[in-house]
Structures are given as C-alpha cells and as structure tokens.
1. Name the residues in segment 361-406 that are of a type in the set (D, E, K, R), within 25 Å of Asp159 (Cβ to Cβ) and crowded, with 18+ Cβ neighbours inside 10 Å, would you?
2. If I filter segment 334-344 for residues that are crowded, with 17+ Cβ neighbours inside 10 Å and over 30 Å from Trp157 (Cα atoms), do I get at least one hit?
3. With the structure loaded, tell me whether Tyr352 is of a type in the set (Ser, Thr, Tyr), touching a residue at least 60 places away in the same chain (Cβ under 8 Å) and in a helix (DSSP H, G or I) or whether it fails that test.
4. For the list (1) in contact (Cβ under 8 Å) with a residue 40 or more places away in the chain; (2) under 22 Å from Val317 (Cβ atoms); (3) out of contact with any Gly (no Cβ under 6 Å at 6 or more places or on another chain); (4) among the aromatic types (Phe, Trp, Tyr), I need the number of the one condition that Tyr418 fails.
5. List every residue pair whose Cβ atoms lie under 7 Å apart, where the two residues are 6 or more positions apart in sequence or sit on different chains, the first residue falls within segment 358-380 and is over 15 Å from Asn320 (Cα atoms), and the second residue, located anywhere, is polar (S, T, N, Q) and assigned to a strand (DSSP E or B).
6. Within the set of pairs 6 or more residues apart or between chains, which connect a residue that is under 17 Å from Val393 (Cα atoms) and acidic (Asp, Glu) inside segment 439-465 to a residue that is assigned to a helix (DSSP H, G or I) and open to solvent by less than 100 Å² (accessible area, probe 1.4 Å) with Cβ atoms less than 6 Å apart?
7. Which ones in segment 426-435 are of a type in the set (A, V, I, L, M, F, W, C) and modelled with pLDDT of 90 or more?
8. Here's a check for you: in segment 437-448, which residue that is among the basic types (Lys, Arg) and in a strand (DSSP E or B) is nearest to the chain's Cα centre (by Cα)?
Amino acid sequence: MEASASVSKSNKIYLGILFIACAFVTAIVKVEDESLHEKDALITTHKKTNTTIRTDQHDILEKTQSTPDISLSQNVSLSVDDGKSRTESLCWRKCPQRLHRIYYNDPGAGLSDRRWVIHTLAELAGYLCAKLVLPRPVNLLHTKHNFGGSVSEHLLWEDFYNITFAEDDEPAIVDINDEFDDVDRKRNSSIGWYSREHPTWHEKYQGYQRIVSVNGKWKKDFKTVQALSWRNSIPNTTSAVTAFVWELHGKFYWNDLNFKKLPRLSKMLRSKLGGAYKPNMMEPIPHLNTSRACHYTNEDNTPSHISLLQEKLINRVYDNSLLENSIYGVLHLRRGDSIDDCDTSVDRIREYLSCSLENTDLIGNITLLMKSDEVDKRYRQEIVGLADTYGHVNILDLDGLIWKIVHQAGADGDINDYHVNNYFVYAIGNMFRTRLIQFYLERRKKNYCLDCIPVENQLREILGI
C-alpha cells in the first residue's frame, strides 16, 4: 500500500510538472507567433515599398551605384483620387498631437552631415510624437565650407529641406525663434550655440519635463522620454499629460544610441498599453543604417525653389555637353581641409583619369561634371583642360554652372539674396548623386582616395554591354 501510494504521489508530481511545462511552452509559442506576425507585417510592408518606386526613378536607381541618403521605409505608397502620391503606413505610431520637443546643438558641420543628422532626429521625433527644434543654419553650418564666411541669419532649414511628417504632412522642424524669448536668443547668439549653456525656453513650455543629455549619454535619457511619450497613449487614462523637452548637446555621431536597437518600454507600461506598442514595427533606427526602420518623414523634401534651379541646371548641362549621347559622371575633388589627406594636384588627377577612363572610348562619349571647393580659377581651368587628352571626354565645371544660375536667379528675384552662398550651390548640385550620372569619381579624403576606379567595368555592368 505504501509503495502504491508513493507511486501515485510521484505520478501526480510528474503530471503537475508536465502541465506547467506545457503551459510555459504554449506561452513562448504565442509570444514568438506574435513577434513573427509583427516581423511578417514588417517584411510584407518593406516588399510593398520596393514595388512602389516611381517610374521616373526606376531607371536611375538601376543605373546608379551611389547609396541613397535615406534608408528605405516600410511604408506603402498609395494612389488617391487627387492624383497626388500619398503614404499610408503599416508601421507608424499614431500621434494625435505632438506636444514634445527635441532640441539638438553641436559645433557645426557641412550640409551633407546636417542632412543626415536632421533626418535621423526627425525620424526619432516622429516616433516620440515630438517636433525638432534646431539652431538656425548660421549656427550649425561650418564656415569652412562657405569660403570662411557665415551664411545669413535669415536662412532657415526649410530653405534646404522641406522635412514633413509622412502621417499628416506637418513640418518636422520648428523655427528656433518661435521657441525662445527674444532676450535669450540674443544672449545665446553672443556666446555661440555650441556652448554648453542651456537655452531658456519660451514661457509656453513652463511645466514641461526637461531632460538634458551631454557627452553622448543619450540612451538612459531616451528611456525616460520614450516612457513619457507612451504614457500619453495609455487607453482610458485619466492622468494628466506630461510633455517633455529633450536637449541633446554635443556631436551626434558620438552617442550611445547609434547603431543599436532602441531600449524597450518597461513591462508594466507595455501591459497598460496593450497591443498599441509594437516596437518591431514602429521604431525608427537611430542613424538609419538599415531598411528595417519605420520611416516617419516624407522622402520628397526638396523645396520648390531648389527644384526649379535643379531643372535649369540639367538643361544647362545638356546645352554645354559638347559630345552627343554622353554618359555622365561626377569628378569630385576636395581640396581645402583635405588637401594633405589626398593628393589632388593637377598631375595626380591626370594620372588618375588616365587609369580610370582607360578603354572607355570603346563604350561611348563621356561628360564629367567636376565639383570642388577649390577657389583658384587656374586650378579649375587646368582640370577642365585635362579632357583635351581624350577625344571622347568632356569636363564641365559644375560649380561654375551652378553659380551662374544662382546669381541669375537672385537678379531675377526667384530667390532671396541670402540664398546666394556656397551651401545653396552645393544643395542644388547634390542631386547628381541620384540623377543623370552613371558613375562617380572622387578624391577627397583618406577613405575616398583610390589610385584608380575602372570606369569601363562599371559602365559595362550598368549598361549591360
């Protein structure tokens, strides 16, 4: 009897353990299934996005080998009755209002760097239901890329980028003059925006929770602002809305959020949100280095005045191309601050082109669009003159063409006087990263200073010959 009772007791224990194990496995499968469902939706959305490339971009994207500035979104572009291209998302976090603010400040850099930083922060703002506050271009664009001079204080970021949220087309950037008191703007402008001195916010932000991140320590504070942002999305909550101002000081690339997955919300907050929080689908990736990021801003962000001048430039390039049926490429020579990093002397560029353009006469005529920060006219003329060595090559001074267009537009009143600067010229010419050109030659920094780039091989692959 004792032996039988012992066996019965053991069976009960065994069955109890087996029941618990089955329940545990079932829970894991359910969680994994939900996760896979999110990932499947994510992948499906990404696949749909790849099929919505506009027809006028398709050939360009096939023929160019340059990397797009912004990663592919997971949004689905749909055609609507008014004929405009609208975006409907399967990944956005919905934002009934954007009360929060993200303020960024650093020592300044060039326009390509600013574009990358601003777009990344705008994506982060989209996810956090916030708007981005920036010092004006005069404070965040370095003088070394504008012949040592500052751009006008009247120049706004919208003069370079018309960044809007994809969900509602609202501007992603708020003008700093709307966010600071007049007296405080004057005080801060005298000490420089790259100072660690914290700005004093307009009285309308009294009561906002203020979080300040310095020395690249962003991750911990991101957890705080993410929690504050999502608490406002708890269903049927009676708690008062708590908004934040998150200040980011220091160089963007040296922060502990870059190239990493964003921290998750706490378990308690996730349980209160129910199914509203789907991080695998909703989160943007800091630094936007992957196509898995949800895209919160519109990709077409070129202001109309820049688009107008870009079209004029395209026509001017065609008019000045001496050779018929040309294949177009860019020759980017950076001098200035990189002159000791990469040899861009006339003799070295002669050797570089001799190697890079070898046998390209077998493929067809080539027009090289030369851009450089060199102000010496003689140097620029000698580089253009290197084309005389070839019978199938023409070199155009791209910067010179753009400056003529910009000066004429200023004289005609198409743009303001403060638009006439080297950054504006760069913004117009930067379209050749993705338009018209089939190859890119560059000697500008240590990492972009190859002895030779065999253009023939590139063109045969691109043109299928």
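The values are calculated or read from the model by the stated rules, or taken from the named source; none is laboratory data. For clarity, every value in this text was computed on a predicted model and none was experimentally measured. Cβ sites come from the backbone with ideal geometry, for glycine too, and all protein chains shown count toward neighbours. Please note that ligands, DNA and RNA were not included when accessible areas were found on the heavy atoms of the full protein model with its side chains. Shrake-Rupley method; radii C 1.70, N 1.55, O 1.52, S 1.80 Å.
1. Here is the first cut: in segment 361-406, the ones of a type in the set (D, E, K, R) are 361, 371, 373-374, 376-378, 380, 382, 388, 397, 399, 404.
Subset that is within 25 Å of Asp159 (Cβ to Cβ): 371, 373, 397, 399, 404.
Across segment 361-406, the qualifying residues are Lys371, Asp373, Asp397, Asp399.
2. As a first pass, look at segment 334-344 and keep what is crowded, with 17+ Cβ neighbours inside 10 Å: 334-335, 338, 342, 344.
Checking which are over 30 Å from Trp157 (Cα atoms) leaves us with 342, 344.
Checked segment 334-344: at least one residue is crowded, with 17+ Cβ neighbours inside 10 Å and over 30 Å from Trp157 (Cα atoms).
3. Numbers: of a type in the set (Ser, Thr, Tyr): yes; touching a residue at least 60 places away in the same chain (Cβ under 8 Å): yes; in a helix (DSSP H, G or I): yes.
For Tyr352, the condition - of a type in the set (Ser, Thr, Tyr), touching a residue at least 60 places away in the same chain (Cβ under 8 Å) and in a helix (DSSP H, G or I) - is met.
4. Going through (1) in contact (Cβ under 8 Å) with a residue 40 or more places away in the chain; (2) under 22 Å from Val317 (Cβ atoms); (3) out of contact with any Gly (no Cβ under 6 Å at 6 or more places or on another chain); (4) among the aromatic types (Phe, Trp, Tyr) one by one, Tyr418 breaks only (2).
5. Arg380/Ser372
6. Once the first residue is under 17 Å from Val393 (Cα atoms) and acidic (Asp, Glu) and sits in segment 439-465, its partners that are assigned to a helix (DSSP H, G or I) and open to solvent by less than 100 Å² (accessible area, probe 1.4 Å) give Glu456/Thr360.
7. Of the residues in segment 426-435, the ones of a type in the set (A, V, I, L, M, F, W, C) are 427-428, 431-432.
Selection gives Ala427, Ile428.
8. Going through segment 437-448, the residues among the basic types (Lys, Arg) turn out to be 443-446.
Of the ones still in play, those that are also in a strand (DSSP E or B) are 443, 445.
Working: Arg443: 23, Lys445: 21 Å.
Among them, the one singled out is Lys445.
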